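Participant: Below is one structure. I have some questions about it.
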Amino acid sequence: MTVQLNAAKQTLRRLLPAPIRRRLRATHRDLTFRITMADFRRRPDEYRNPDNPKLAKLIYGWGNAGWSGWEDFLAGCVDEALNLEDGAVVECGTGLSTLLVGSIVTSRQVPHIALEHHAEWADNIQTWCDRYGLSTQVLHAPLMDGPDYDWYDTTNIALLATATLVLCDGPPGDTKGGRSGVMDKLAPMVTSGTRVLMDDVDRPAELELTRVWADRLGSDYEVVGRKKPFARIVVR
């Protein structure tokens, strides 16, 4: 049956013009995302598990290949958000994680702000948040050149006083200084009990940043995940 199905797919690829194949693929992605997102909003607890195949469906449906968080990080974000009863969430970089976390914390009236340096993408994510009725605020914050690193320009942005959960999946890894700004710029918001998730610790720069920040905070960190690990710091 599988052989026959693959043969049928190959035949369709030969018969259908490329533009039609792209439209069909886009339609399939969109339908997959909407169905799976609806399931997530009904049963978010099931998405704590990175091995849940529905997470892969969300990533596929979202379609932002190469930039979207992988199952390990997304499951970690969901788990931390479900554990929140109060406080606030600050996110550096936006994407699928913004929708998943926003869906959870909106129902709990927990503030959630997300910083994004790309104006068009910030508008896109805010549109998605509004579509799902989320209270999440996506804030356009261009990267500002600094002596040692570039970081989000929050000069005209009212940030939260404290954050109980910090999610760091931005700015991009090729930014000057990487994500070093998270230590200095968000330090005033971090208090005892704050939990920090740093994605992309398969890259040496992010792993070293995590080690340095945890040491500065007098806290431990753990590396979590198999496919694409992230780090978790629990501030003492």
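The values are calculated or read from the model by the stated rules, or taken from the named source; none is laboratory data. Computed from a predicted structure; not experimentally measured. Here the Cβ is made from the backbone with ideal geometry for all residues, glycine too, and neighbour counts use every protein chain on show.
So that you can scan it fast, the table gives a plain yes or no per residue for (1) among the charged types (D, E, K, R); (2) touching a residue at least 60 places away in the same chain (Cβ under 8 Å):
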{"position": "Gly133", "(1), (2)": "no, no"}
{"position": "Ile157", "(1), (2)": "no, no"}
{"position": "Thr162", "(1), (2)": "no, yes"}
{"position": "Asp169", "(1), (2)": "yes, yes"}
{"position": "Arg179", "(1), (2)": "yes, yes"}
{"position": "Met198", "(1), (2)": "no, no"}
{"position": "Thr210", "(1), (2)": "no, no"}
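Participant: Of all residues in the range 66-76, count the ones that are among the aromatic types (Phe, Trp, Tyr) and either crowded, with 23+ Cβ neighbours inside 10 Å or assigned to a helix (DSSP H, G or I) (or both). Before you say what the answer is, go through the steps one by one.
Facilitator: Within the range 66-76, the first condition is being among the aromatic types (Phe, Trp, Tyr), and the residues that meet it are 67, 70, 73.
Cutting the leftovers down to either crowded, with 23+ Cβ neighbours inside 10 Å or assigned to a helix (DSSP H, G or I) (or both) gives us 73.
Matching residues across the range 66-76 total 1.
Participant: Give the residue, chosen from Asp123, Asp79, that is modelled with pLDDT of 95 or more and surrounded by fewer than 14 Cβ atoms within 10 Å (Cβ to Cβ).
Facilitator: Asp123
To keep it simple, each residue is scored yes or no on (1) at pLDDT below 95; (2) over 19 Å from Cys77 (Cα atoms).
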| position | (1), (2) |
| --- | --- |
| Leu186 | yes, no |
| Asp199 | no, no |
| Ser219 | no, yes |
| Arg236 | yes, yes |
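Participant: Here's something else I'd like to know. Which residues, counting only those in the range 163-207, are surrounded by fewer than 23 Cβ atoms within 10 Å (Cβ to Cβ), within 12 Å of Tyr149 (Cβ to Cβ) and among the hydrophobic types (A, V, I, L, M, F, W, C)?
Facilitator: Met183, Ala205
Participant: For the structure I just gave you, tell me whether Ala56 is aliphatic (A, V, I, L, M), outside any loop (DSSP other than H, G, I, E, B) and over 17 Å from Asp169 (Cβ atoms). Give the steps one after another, and end with the answer.
Facilitator: Values: aliphatic (A, V, I, L, M): yes; outside any loop (DSSP other than H, G, I, E, B): yes; over 17 Å from Asp169 (Cβ atoms): yes.
For Ala56, the condition - aliphatic (A, V, I, L, M), outside any loop (DSSP other than H, G, I, E, B) and over 17 Å from Asp169 (Cβ atoms) - is met.
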